[in-house]
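Have a look at the structure below before the remarks.
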Amino acid sequence: MNAAIIVISGLPGTGKSTLAKELEKLIPNSLIIKSTQLRITKVKNDFFNENLAEIKLEKDRAYNKMIELAQIAIKEGKLPILDATFHKKYRRDFINKYFSNLNTLKIHLNCPETIAKKRISKRKFDSVDGFLNDPTSYDIMKIQSDKIEKNEEFITIDSSKLNAREAAKWIIQHLL
């Protein structure tokens, strides 16, 4: 498969950004596009709560912007790596809607909750996702998540013992 776009999904702390960074290092002309970098709200407690209409709207705007940036990257001959939870089915459907004519590699990362929360707690506040250093973000998103269905064609990887560099090499060798 010669992917024109890579989608990495999963709850907070499952290793999306770590895997995306390793893929970007190994794939020439690739580019990471993160939904969290396109968000305005940086209030920890409300950042994930889509029961708040303004948060849901803001997240939708960020995902739409991510899709727009991916389309531009593809036109420029780059391989976009989308790094976002995609925990809502209708947002995963954006991928099929806008990229149905392209080879898309969709990877979903998961791991035991204790590991994800431990990873979240270790984040440094000055890192890209540092403001997401509260494990309750995992709880909120887990409750609000829509289950990935078989027909969505995600490859699910347990990231609990994952060496991101080796995983990226394997993905490139076997899936790209």
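The values are calculated or read from the model by the stated rules, or taken from the named source; none is laboratory data. From a predicted model like this one, the values you see are computed outputs, not experimental measurements. Cβ placement follows ideal geometry from the backbone for every residue including glycine, while neighbour counts extend to all protein chains displayed.
Hey, can you tell me all the residues within the stretch 140-176 that are in a loop (DSSP other than H, G, I, E, B) and either among the polar types (S, T, N, Q) or surrounded by 14 or more Cβ atoms within 10 Å (Cβ to Cβ) (or both)?
Ser145, Ile148, Phe154, Ser159, Ser160, Leu162, Asn163, Leu176
Could you list all residues from the stretch 56-89 that are farther than 22 Å from His108 by Cβ and in contact with a Lys or Arg (Cβ under 9 Å, 6 or more places away or on another chain)?
Glu58, Arg61, Ile72
Name the single residue that is farthest from Ala84 (Cα to Cα) among those in the stretch 18-33 being among the charged types (D, E, K, R) and in contact (Cβ under 8 Å) with a residue 60 or more places away in the chain.
Lys25
What residue, among those in the stretch 66-84 that are touching a Leu at 6+ places or on another chain (Cβ under 6 Å) and of a type outside the set (A, V, I, L, M), is farthest from Asp139 (Cα to Cα)?
The qualifying residue farthest from Asp139 (Cα to Cα) is Lys78.
Which one of these is under 16 Å from the mean Cα position of the chain (by Cα), closer than 15 Å to Ile5 by Cβ and either modelled with pLDDT under 90 or not basic (Lys, Arg) (or both): Leu132, Leu109, Leu175, Leu82?
Residue meeting the stated conditions: Leu82.
Given the conditions (1) under 22 Å from Tyr138 (Cβ atoms); (2) in a helix (DSSP H, G or I), report the number of the one that Leu109 does not fulfil.
So the condition that Leu109 fails would be (2).
If you check every pair at least six apart or on different chains, which have Cβ atoms under 8 Å apart with a residue in the stretch 108-129 that is closer than 22 Å to Phe154 by Cα first and a residue that is modelled with pLDDT of 90 or more and assigned to a helix (DSSP H, G or I) second?
Between residues of the stretch 108-129 that are closer than 22 Å to Phe154 by Cα and residues that are modelled with pLDDT of 90 or more and assigned to a helix (DSSP H, G or I), the close pairs are Leu109/Lys16; Leu109/Leu19; Glu113/Lys142.
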